[in-house]
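The values are calculated or read from the model by the stated rules, or taken from the named source; none is laboratory data. On a predicted model such as this, the values are computed, not experimentally measured, just so you know. Glycine also receives a Cβ, built like all others from the backbone with ideal geometry; neighbour counts cover every protein chain displayed. Side chains included, ligands, DNA and RNA excluded: accessible areas come from the protein's heavy atoms. Shrake-Rupley method; radii C 1.70, N 1.55, O 1.52, S 1.80 Å.
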Amino acid sequence: MARKLKTYQTSLGFFDLAIAAPSMKAALEAWGADSNLFHQGAAKESNDPDIIAAAMAKPGVVLRRPVGSDGSFGERAELPTNLGGSGPRKATRKSKGTQAKQPSSRSVDKAAERKAALAYEREQKRRERERASEEAAKQKDRERRQQGVDKAQAAFNKAEQEHAKRAAAIQAEVEALEKRSQTEEARWDKEKERLEAALRRARG
């Protein structure tokens, strides 16, 4: 059964954010908050009928507007143009105070709540599919890179083995030549000694 949605509001960076979600935890996850903004007093459940209507129209979608403004929320928002002044901050405090005192003048009927809750679930499933698709693509990319690494490693190992084989053959040839050289030196020593004796005898 679809869970009833509530509208939550906060300010992060240059934007006011709003979302229709089933819980504060779900709202924090959608905002990408790394701390509990509700406990810190930086987020709240909204009772502004316009904000509720906008959020319920796109449940599960993070809506934005320039921070300090009282404009409508949307999926895209321009950056605020007067961050340096104190006016927007005062207006924000005032509007928040007014919102806190005003009860919601437009109630959301049960059918609309169920519709919004179902839309939220569809949005969550869409996001999960996107995440699964992205993870599958990343996994495929990791496997492709690993195949490349394995192929390069196999080529390196084969070349290393071939080098070791050739180096061993060359070493064997060197040792054989060294042995032949030693044999030749020994033969020549004997031959030289014999010839020198003959030369001495010939000279008398």
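One table, with the values for the structure above:
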item: Under-5 Å amide H pairs with Asp16, H placed in peptide plane, nonlocal only; result: Arg65, Val67, Gly68
item: Simple label model, 7 Å out from Cα along Cβ direction - Lys44 to Ala198, nm; result: 12.3 nm
item: Label-to-label distance, nm, for residues given as Ala112 and Lys165 (7 Å Cα→Cβ offset); result: 8.0 nm
item: Amide hydrogen neighbours beyond the local backbone of Ser46, cut-off 5 Å, H modeled; result: Thr7, Tyr8, Gln9
item: Entries in Lys44/Lys140; Lys44/Lys125; Lys6/Lys140; Lys44/Lys115; Lys44/Lys110 that, when Cα-Cα distance is taken, lie over 31 Å; result: Lys44/Lys140; Lys6/Lys140
item: Modelled FRET efficiency - R0 35 Å, Lys125 with Ala155, Cβ distances, 0.05 increments; result: 0.20
item: Potential lengthening between Ala132 and Trp188 on full extension [0.36 nm per residue; Cα-Cα distance subtracted]; result: 12.0 nm
item: Average accessible area per residue (Å²) across segment 128-192 - probe 1.4 Å, nucleic acids and ligands excluded; result: 94 Å²
